Amino acid sequence: MAFTIQTCLKETCDGVSFVDTTGVFALDNPNGYNGPGQEVPTLNVSTGEFGYTTYQLELFYAVEGGFDSTGNPDYTANLLTWPHTVDTNPTSDTYGHVTWDFSLDDLGLETTRSGWWLARITAIWVNSQTYDYSQDDTFGFTGDLTSKIDQTMKRFYSEKGTDGNCGCQCGDTNINTLYQKYRIWRDFIGCVAFYDQFQVEADWLYSSYIQCSC
């Protein structure tokens with residue numbers, strides 16, 4: 001199997017974390033960094049220093065209708081120079097995982113909108129010849145809508161109790177129906193790779209929850 005970078009983009013309380021989860025070469029991780037063969041990039045776990053000539057992250061934020069991967073990125077970071085941490089515990093399941101944290105201020109955002117985000121990685125390694133491991137990875141964010149829907153439902157129950165027939169509406173949708181659609185969106189649609197529907201449902205939830213009234 002050819003070497004590929006394994007990544008994760010995670011929501012945090014104050015922004016996002018980008019994690020290189022490739023790890024280092026081992027019997028149970030044969031495609032990790034520092035493996036045999038001149039085509040496998042290097043990572044110094046002690047210092048967090050990669051052998052890449054270029055290692056760059058471009059983020060395309062979730063927006064209504066979906067991000068435009070052909071346009072300019074919303075944020076760009078040089079992963080070789082941006083502060084990062086490495087799991088240096090050889091007995092850990094995440095040994096060799098490298099994490100970069102970006103705050104909302106760094107990203108120029110007030111919140112991380114739910115929907116599909118794109119992480120575009122440019123990774124070039126030169127070792128007697130040039131190897132290009134660049135790739136695009138997408139990640140579904142749900143945290144912002146979860147917070148907004150939770151607050152809406154708490155207000156609904158504090159005002160009307162548990163009576164589901166109270167007539168609370170979110171536009172043309174009963175508030176309990178909205179919550180059911182939210183749970184399906186959060187727990188199912190993204191997981192089974194209904195890519196377009198995940199974004200469409202996120203946009204619908206954003207436009208509907210603000211119309212909720214009891």
Angle between the Cα long axis of helix 195-209 and the longest principal axis of the chain, 0 to 90 degrees, nearest 10? 40 degrees
Value at 222 nm in deg cm²/dmol, rounded to 500, when DSSP H runs of n ≥ 4 in the chain each add -39,500 (n - 2.57): -7000 deg cm²/dmol
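Which value, in Å to one decimal place, does the Kirkwood hydrodynamic radius take for segment 90-158 when every pair of different Cα atoms is included? Provide the component values of the computation, followed by the final result.
Working: mean 1/r = 0.0621 Å⁻¹.
Kirkwood radius, segment 90-158: 16.1 Å.
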Kindly write out, for segment 25-36 in residue order, the coupling ³J(HN,Hα) from the Karplus curve 6.51 cos²θ - 1.76 cosθ + 1.60 (θ = phi - 60°), rounded to whole Hz, with x marking Gly and Pro. 4, 7, 4, 8, 9, x, 10, x, 4, 6, x, x
Extreme residue, positive dipole direction of the chain, given options GLN180, ALA26, ILE210 (C-beta unit charges): GLN180
For TYR95, list long-range residues whose amide hydrogen, built 1.01 Å from N in the peptide plane, is under 5 Å from its own amide hydrogen. none
Give me the Kirkwood hydrodynamic radius of the chain, using the inverse of the mean 1/r over all pairs of distinct Cα atoms, in Å to one decimal. 19.4 Å
Of TYR75, SER92, GLY15, whose Cα points farthest to the positive end of the dipole of segment 7-141 (charges on the beta-carbon: +1 Lys, Arg; -1 Asp, Glu; origin at the Cα centre)? SER92
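Taken together, the values in this text are just the output of simple stated rules run on the coordinates, not laboratory data. What you are looking at is a predicted structure, and each value in this text was computed from that prediction instead of being measured. Note: ideal-geometry Cβ built from the backbone for every residue, glycine included; neighbour counts use all protein chains shown.
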